[in-house]
Amino acid sequence: MATMSNKIHISKDLALPAEDHPKINWNDPQERKLYQKQWRETNRERLKKEDHEYYLANREHFREQSHQNYLQNKERYIERSRRFKQENRTKWLEYQRRYRELHPEQARTLYMRTRALVIEKLGGKCIRCGFSDKRALQIDHINGGGLREQKLIQTSGIHRKILHGSDGYQLLCANCNSIKRWERPGKEGVGARP
């Protein structure tokens, strides 16, 4: 979104009396450009204030315009975001970590909301015993490999895969999940037999 400061606009309280106008050759583009740059630097704070007031007065228009732009270029925005996350993985993970530290309540709320959607999508109860208390339900990788995948894409990535229809996951209660680990000796997991 372009700011209003990119254009010279003089409010009435910034206008100079005619005798105080600088003596420059207005027909010379270089000289005019230099003067305009100096003027913007001198009046930076006032311009910021005016821009902010203009934005507040027209906030809904800007939001609607931004939303329309997003809808028209949605695929491009999503691709750019995906590419940035891949190319800057460590920077992205650091940003997420800092956000969680600064906004722990929002991060927790988002996690719980997403987890509830995932549990609902997977049936809402343990597939072995039918236990349905959400506090003790766990997402299980049917063919194992859960720790490896969690290190690679984190829990939020697993949630996204499930919500987008990926197979290979099931819902187990904590007891059934632990029993499953013990039944599969030699596989990764906390309860794997030595």
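Observations on the model:
- Among the residues listed as Lys161, Lys91, Lys180, the single one being touching a Leu at 6+ places or on another chain (Cβ under 7 Å), assigned to a helix (DSSP H, G or I) and at pLDDT 85 or above: Lys180
- Scan of region 59-103 for residues that are among the hydroxyl-bearing types (Ser, Thr, Tyr), touching a helix residue (DSSP H, G or I) at 6+ places or on another chain (Cβ under 9 Å) and under 22 Å from Ile153 (Cβ atoms), ordered by number: Tyr77, Tyr99
- Counting the residues of region 53-69 that are in contact (Cβ under 8 Å) with a residue 60 or more places away in the chain and within 19 Å of the chain's Cα centre (by Cα) gives 1.
- Leading residue by the ranking (surrounded by the most Cβ atoms within 10 Å (Cβ to Cβ)) among those in region 92-107 that are more than 20 Å from Arg82 (Cα to Cα) and of a type in the set (A, V, I, L, M, F, W, C): Ala107
- Condition broken by Gln170, with the remaining ones in (1) modelled with pLDDT of 90 or more; (2) farther than 19 Å from Arg184 by Cα; (3) not in a helix (DSSP H, G or I) satisfied: (2)
- Count - residues of region 117-140 that are touching a strand residue (DSSP E or B) at 6+ places or on another chain (Cβ under 8 Å) and within 25 Å of Gln96 (Cα to Cα): 5
- Being of a type in the set (A, V, I, L, M), under 30 Å from Glu183 (Cβ atoms) and either surrounded by 13 or more Cβ atoms within 10 Å (Cβ to Cβ) or in contact (Cβ under 8 Å) with a residue 24 or more places away in the chain (or both) is a property that does not hold for Leu110.
The values are calculated or read from the model by the stated rules, or taken from the named source; none is laboratory data. Keep in mind the model is a prediction, meaning the values are calculated, not measured. Ideal geometry is used to build each Cβ from the backbone, glycine not excepted, and the neighbour counts take in all protein chains shown.
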